[in-house]
Amino acid sequence: MSVLQAYGMGWRRLWQNRPYWGLFFALNFGLALTTAASLTAFLGKNAAHSLSISDSLTASPYPFLSALTSQFASDLDFFQYQSVGVALVFFLLQIWLLGGWLNHLREEATGVARWGFWGGAARYFWRTFRLAAYFAVIQGALLWAFVKLGASIAKDFSILELWSEFDFLHALWWLLPLYLLFSVSISLWHDYAKIHTVYRDRAWLTRPVVESTRLCFKYFGRFFSLYALNLFTLAAVCAIYGMIANSIPAHSMAGIVLLFLWGQLLLLLRIGLKLANLAAADYLYRQVSDWNAAAPTTEGITQRYNDVFNPKAEAL
Amino acid sequence: MKAKKRISVLLAVACLLLATVGLATGQSSAPSPRIANYDVEVTLDVAEKMLRGRSQLHWRNTSTDTIRRMPFHLYYNAFKNSQSSLLREWYKLPPYFSQQLQYDGEWGWIDLLTVVDEGGRSLLDQHRYLQPDDQNTADRTVIEIDLAEALLPGDSLRLDFTWEARIPRSMLRSGYNKDFYFIAQWYPKIGVYESPGTRYAERGQWNCHQYHLKGEFYADHGIYNVAITVPQDYQVGATGIAVDEQVLGSSKVYRFRAEDVSDFAWTASPHLQVQEAQWADVRLRYLSYPDHAYMGERYFAVLKYCLQYFEDLLGPYPYPQLTIVEPPFHGLFAMAMEYPTLITVGSFGFLPRGIHTAETLAAHEFIHQYFMHLIASNETEEPWLDEGLTTYFEARMMDEYYAQQNSAVIDLLGVRVHQKDLNWNTYAHLGNPKIAENDRAAWEYPNGGYEYISYKKSGVWLWTLEGFIGRPSMDRVLKTYFQRWRFGHPCARDFIAIVNEVVREDHGDRLGENLNWYFDQVLHTTAACDYKVSYVGNFLNLPPMGKDVVVDSSAEAGSRYLSKVVIQRVEEMQLPVEIEFTFFDGHVERRQWDGRARSVNFFFSRDYGVRSAEIDPERKNYLDINYLNNSYTYVPDRVAVRYYVGRCMVWMQQVLQTVVALV
């Protein structure tokens, strides 16, 4: 079993389940569309009749954008609040769908059918949500620790104390990679905790988290290599996007449409990458863990299902 | 015969004496009047953070008045205690300053020990502190000394000072931190005696303001011979040129001479490295800590461009050297200042290469060599005269410089921002454009007003002035102003007089009898400018209908469309307005409007309706604070809207996808 195999498997399984890929993309697109709709109305009302918006496509957009943001500062506050609201809704829906995706991956790989995509989404929402909250706290703590460390190296950027800004910049050469290493490791741990939670199907998260931690420590090399491969893919995708996006002239409707579609392709790949990463991790998880022994049997599941949803089944 | 011979000898001796005096002060062919001349010896005590100095002032009374007392700036006393006007004006000190000032050792001050005239008479017994600006009796930044003997018109005087100064730590412009020293406004400096007719003086008067938080300096030109003693391992950079270096035990004495300058500043540190470059007869000397040495070439390139630009436009830079000092991070308090032949710049290692703010700052400080050093206007009373012109030139020169390189002052990730637009945005949007009149003294500006108005608004209305009178006339104004007032003390009135003179010659009555109507608005009021195209309408030109109609056979009657365009003056400022109307058949027509009424309608009767109306199509008027409403198109530009919506949507999608990295 190799990491490359898992990587390839991740993409293969994503392709096999492309309707779900489309679903995740549609969610992202649909929610972003709500802000786009109000922005269209705002620009249509306040700027569409001004030549400055037309000029901004061929010359520097700075005069137009600076004028717009200052003349309509309060209107733009609305977009800010709307964006935060949309992000929050997207965050919750993403948690919901990811539970379904993980359950679907598990069922597909093990052949043990339980609740399907939508049932899994509902069943694992609260657990995935709690996991997201715990790991957000851990990520936050990590960020806080590194910011404090950076600030102490930079002596809080005090003019009185810091000798040179290069003291800080040079420290960034090791500080930033170190932070990324830790942050990525926590994300990795988070992913395997999610997978383990779905396989174990326990209401309490302590054991899945502890067990997935052990797993991550034990197979850190493989897990991290897979993660690094996915991150490298993401970096490559973004670089290619940037290079091509900057060369698309946006002065005509065709150019604007092309630029928009190119942006959608990037989004599609980013979303695919996230799902493929989970699929590959799921594959790797099954390769290294005793998931089969630990997983509830079909009978057990049916029993538990009946316990909860159909208590009269046994009597019958 | 004997008497004749005696007279001849006496005449010869007199001539020789006159020649000697002339040579000593260099008055005969000197470019400046050389009124205030200083010989200074100062020792930097790095252990005690003290300056111990002796200075000799040679002052010439070029006025027609008899001088009986003299005021001196003691700038360092602004840091003597929390009651000084400067620290009171600071209102709320930045934390690092207020924190340090809690410790006695961090204050700065200057004590005059002796002041003696040529006759050996001590003058310090007859002194008083003046507070001409705010009557804050605790302020000790201006001292007035009575002369033992009145100084007659045309006479010269020598005063000998001994003094001690405690260098403030990390303070405004001047001070020390760690072992970096930037020493400015550090010696007893005489005020300016304004004869009747100089600037606004109706009778002879001293001009010597307290040291304020906002506002800078005003001084006469002269010769400075300065000997600076520092520890042997210290490198020194200063105004003028180094004429001698001498090691004395563990110390080193640097001797500098600067001719026809109005001030003297210097820096010292054991870590300063020197790079040099040459432009024509001017040596460029860049002093920085090693980690900023890479900026040297960038500064040299832009400063050579500036030197050439001003030589072509105004006149040559008259000094043999320009010293550029880049303070280290812990010396940032000294950054972004101008002194004669010495400027301080600033850059940060984390700025991307496409951001040219460091070069722009260097250009800005260099421009000050012309506007307030060579043309020594009063920065304290009329800050716009130097900061406005400097801001004007900064945008003009930098935008042209980077345009030559197919770049801009900010050129990052495909976005280019020009300095002129940055300055306009700062004036129109980031501050309050109506916060104060432009003719206030520096210390009288309310919070933030000094920067927004004396720098940005002045720069913007000078651009607008250029828009109205044209680049050739503007260049003639600036050249005349420079040539007429080089080494002089002009005021706003003098600048305006030159504008009116040149505009009258170049444009006759086209812009009115004079441009006072313009200066009255931009200088003396808080009025802002905003013209707006509020309506564009096209209607089918229907034939007359109804009872008893009269048949109209005019050309207009036969046209297909009647169009109406409404222009409004939203703000108070009244400026001539040019409006460009574009019709659907591509025809373009321009109309002029005096811009006085609150609203004006334009009617057209054509076969094609008006597609767009645009105020100020060539963007000559940078004073207009709302650029969006300067034009109106009959048909909205949906393509551009879709472009921005599309970009924002992709950006929003990216943000959403980034947020869920936490899921």
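The values are calculated or read from the model by the stated rules, or taken from the named source; none is laboratory data. This one's a predicted model, so the numbers in the text were calculated from it and none came from an experiment. Here Cβ is always computed from backbone atoms with ideal geometry, including for glycine, and neighbour counts include all displayed protein chains. These area figures cover heavy atoms from the full protein model, side chains too; ligands, DNA and RNA do not enter into them. Shrake-Rupley method; radii C 1.70, N 1.55, O 1.52, S 1.80 Å.
Only one of these is among the basic types (Lys, Arg) and surrounded by fewer than 21 Cβ atoms within 10 Å (Cβ to Cβ): A:Arg106, A:Arg114. Name it. So that I can check it myself, show each step before the final result.
Details: A:Arg106 fails: surrounded by fewer than 21 Cβ atoms within 10 Å (Cβ to Cβ).
Step by step, each of A:Arg106, A:Arg114 is checked, and only A:Arg114 is among the basic types (Lys, Arg) and surrounded by fewer than 21 Cβ atoms within 10 Å (Cβ to Cβ).
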> Counting only residues that are farther than 15 Å from A:Leu278 by Cα and small (Gly, Ala, Ser), how many does the range A:88-119 have?
Replying inline: 4
> All but one of (1) crowded, with 17+ Cβ neighbours inside 10 Å; (2) more than 25 Å from B:Thr658 (Cβ to Cβ) hold for A:Ala193; which doesn't?
Replying inline: (2)
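One line per residue, one yes/no per condition, for (1) surrounded by fewer than 17 Cβ atoms within 10 Å (Cβ to Cβ); (2) at pLDDT below 95; (3) under 26 Å from the mean Cα position of the chain (by Cα):
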| residue | (1), (2), (3) |
| --- | --- |
| B:Ser262 | no, no, yes |
| B:His271 | no, no, no |
| B:Arg283 | yes, no, yes |
| B:Tyr289 | no, no, no |
| B:Gly296 | no, no, yes |
| B:Phe300 | no, no, yes |
>> If a residue counts only when it is in contact (Cβ under 8 Å) with a residue 12 or more places away in the chain, out of contact with any Pro (no Cβ under 6 Å at 6 or more places or on another chain) and among the hydroxyl-bearing types (Ser, Thr, Tyr), which strands (runs of 3 or more DSSP E) contained entirely in the range B:104-190 have at least 1 such residues?
In response: B:109-117, B:127-129, B:156-166, B:175-177, B:180-183
> For the range B:419-471, what are the residues that are acidic (Asp, Glu), in a helix (DSSP H, G or I), open to solvent by 40 Å² or more (accessible area, probe 1.4 Å) and farther than 25 Å from A:Phe72 by Cα?
Replying inline: B:Glu444
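Counting only residues that are β-branched (Val, Ile, Thr) and more than 12 Å from chain B (Cβ to nearest Cβ), which one in the range A:96-131 is nearest to the chain's Cα centre (by Cα)? Break it down stepwise before answering.
We begin by selecting, within the range A:96-131, every residue β-branched (Val, Ile, Thr); these are A:110, A:112, A:128.
Narrowing further to those that are more than 12 Å from chain B (Cβ to nearest Cβ): A:110, A:112.
On the way: A:Thr110: 25, A:Val112: 27 Å.
Among them, the one singled out is A:Thr110.
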>> Suppose the filter is at pLDDT below 90 and either surrounded by fewer than 15 Cβ atoms within 10 Å (Cβ to Cβ) or more than 23 Å from the chain's Cα centre (by Cα) (or both); does A:His251 pass it?
In response: yes
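Are there strands (runs of 3 or more DSSP E) fully within the range B:263-363 with at least 3 residues that are in contact with a strand residue (DSSP E or B) (Cβ under 8 Å, 6 or more places away or on another chain)? List them.
Details: elements: B:266-269, B:273-279, B:282-288, B:321-325, B:337-339, B:342-344.
Those strands (runs of 3 or more DSSP E) span B:266-269, B:273-279, B:282-288, B:321-325, B:342-344.
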> Residues of the range A:56-79 being more than 9 Å from chain B (Cβ to nearest Cβ) and of a type in the set (Val, Ile, Thr), which ones?
Replying inline: A:Thr58
> Of the residues in the range B:390-406, how many are in a helix (DSSP H, G or I) and open to solvent by 40 Å² or more (accessible area, probe 1.4 Å)?
Replying inline: 3
>> Suppose we filter the range B:554-588 for residues that are open to solvent by less than 60 Å² (accessible area, probe 1.4 Å), touching a Lys or Arg at 6+ places or on another chain (Cβ under 6 Å) and either outside any strand (DSSP E or B) or assigned by TED's automatic domain parsing to the domain that holds B:Gly512 (or both); how many remain?
In response: 1
>> I'd like the residue in the range B:330-344 that is more than 29 Å from A:Asp156 (Cα to Cα) and of a type in the set (Ser, Thr, Tyr) and, out of all such residues, is farthest from the other protein chains (Cβ to nearest Cβ).
In response: B:Thr341
>> Can you pull out every residue in the range A:154-168 that is in a helix (DSSP H, G or I) and surrounded by 15 or more Cβ atoms within 10 Å (Cβ to Cβ)?
In response: A:Lys155, A:Glu165, A:Phe166, A:Asp167, A:Phe168
> Looking at the range B:407-418, which of the residues that are within 11 Å of chain A (Cβ to nearest Cβ) and not in a loop (DSSP other than H, G, I, E, B) is surrounded by the fewest Cβ atoms within 10 Å (Cβ to Cβ)?
Replying inline: B:Val415
> In the range A:132-177, which residues are at the interface with chain B (Cβ under 9 Å from one of its Cβ atoms), of a type outside the set (Phe, Trp, Tyr) and touching a residue at least 24 places away in the same chain (Cβ under 8 Å)?
Replying inline: A:Ala132, A:Gln139
> Quick one: how many residues across the range A:1-35 are within 14 Å of chain B (Cβ to nearest Cβ) and polar (S, T, N, Q)?
Replying inline: 3
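Are any of the residues in the range A:87-95 more than 14 Å from chain B (Cβ to nearest Cβ) and without any contact (Cβ under 8 Å) to a residue 60 or more places away in the chain? Spell out the reasoning first.
The first filter runs over the range A:87-95 and keeps only residues more than 14 Å from chain B (Cβ to nearest Cβ), leaving none.
Within the range A:87-95, none of the residues are more than 14 Å from chain B (Cβ to nearest Cβ) and without any contact (Cβ under 8 Å) to a residue 60 or more places away in the chain.
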>> Please pick out the residue among B:Arg619, B:Arg642 that is in a helix (DSSP H, G or I), within 43 Å of the chain's Cα centre (by Cα) and not assigned by TED's automatic domain parsing to the domain that holds B:Tyr455.
In response: B:Arg642
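Is it true that some residue in the range A:226-235 is touching a residue at least 60 places away in the same chain (Cβ under 8 Å) and open to solvent by 80 Å² or more (accessible area, probe 1.4 Å)? Please lay out each step first, then the result.
To start, the set of residues in the range A:226-235 that are touching a residue at least 60 places away in the same chain (Cβ under 8 Å) comprises A:226, A:229-230.
Narrowing the set further to residues that are open to solvent by 80 Å² or more (accessible area, probe 1.4 Å) leaves none.
The answer is no, given that none of the residues of the range A:226-235 is touching a residue at least 60 places away in the same chain (Cβ under 8 Å) and open to solvent by 80 Å² or more (accessible area, probe 1.4 Å).
So which residues in the range B:472-485 are touching a residue at least 60 places away in the same chain (Cβ under 8 Å) and either of a type in the set (Phe, Trp, Tyr) or open to solvent by less than 50 Å² (accessible area, probe 1.4 Å) (or both), if there are any at all? So that I can check it myself, show each step before the final result.
Initial filter on the range B:472-485 (touching a residue at least 60 places away in the same chain (Cβ under 8 Å)): B:475, B:478-479, B:481-483, B:485.
Residues satisfying the conditions are B:Asp475, B:Leu478, B:Tyr481, B:Phe482, B:Trp485.
Kindly provide the set of residues from the range A:39-64 that are closer than 26 Å to A:Val86 by Cβ and in contact (Cβ under 8 Å) with a residue 40 or more places away in the chain, ordered by number. Write out each step before concluding.
Our first condition is that a residue be closer than 26 Å to A:Val86 by Cβ; within the range A:39-64, this holds for A:39-48, A:53, A:56, A:61, A:64.
A:Leu39 - this is the single residue of the range A:39-64 that is closer than 26 Å to A:Val86 by Cβ and in contact (Cβ under 8 Å) with a residue 40 or more places away in the chain.
With without any contact (Cβ under 8 Å) to a residue 60 or more places away in the chain, away from every other protein chain (no Cβ under 14 Å) and under 12 Å from the mean Cα position of the chain (by Cα) as the only criterion, which of B:Gln404, B:Gln369 stands out? Before you say what the answer is, go through the steps one by one.
On the way: B:Gln404 fails: under 12 Å from the mean Cα position of the chain (by Cα).
None of the others qualify; the one that does is B:Gln369.
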>> For the range B:635-663, give me each residue that is more than 8 Å from chain A (Cβ to nearest Cβ) and either touching a helix residue (DSSP H, G or I) at 6+ places or on another chain (Cβ under 7 Å) or over 18 Å from A:Ser252 (Cα atoms) (or both).
In response: B:Trp651, B:Thr658
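Could you list all residues from the range A:114-136 that are among the β-branched types (Val, Ile, Thr) and over 19 Å from A:His196 (Cβ atoms)? Even if it seems obvious, please write down each step before you answer.
Of the residues in the range A:114-136, the ones among the β-branched types (Val, Ile, Thr) are A:128.
None - no residue of the range A:114-136 is among the β-branched types (Val, Ile, Thr) and over 19 Å from A:His196 (Cβ atoms), so the list stays empty.
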>> Out of everything in the range B:524-537 that is touching a Ser or Thr at 6+ places or on another chain (Cβ under 9 Å) and open to solvent by less than 20 Å² (accessible area, probe 1.4 Å), what residue ends up being nearest to B:Cys491 (Cα to Cα)?
In response: B:Cys529
>> Please go through the range A:39-55 and give me each residue that is more than 7 Å from chain B (Cβ to nearest Cβ) and either closer than 22 Å to B:Met652 by Cα or surrounded by 22 or more Cβ atoms within 10 Å (Cβ to Cβ) (or both), ordered by number.
In response: A:Ala41, A:Phe42, A:Lys45, A:Asn46
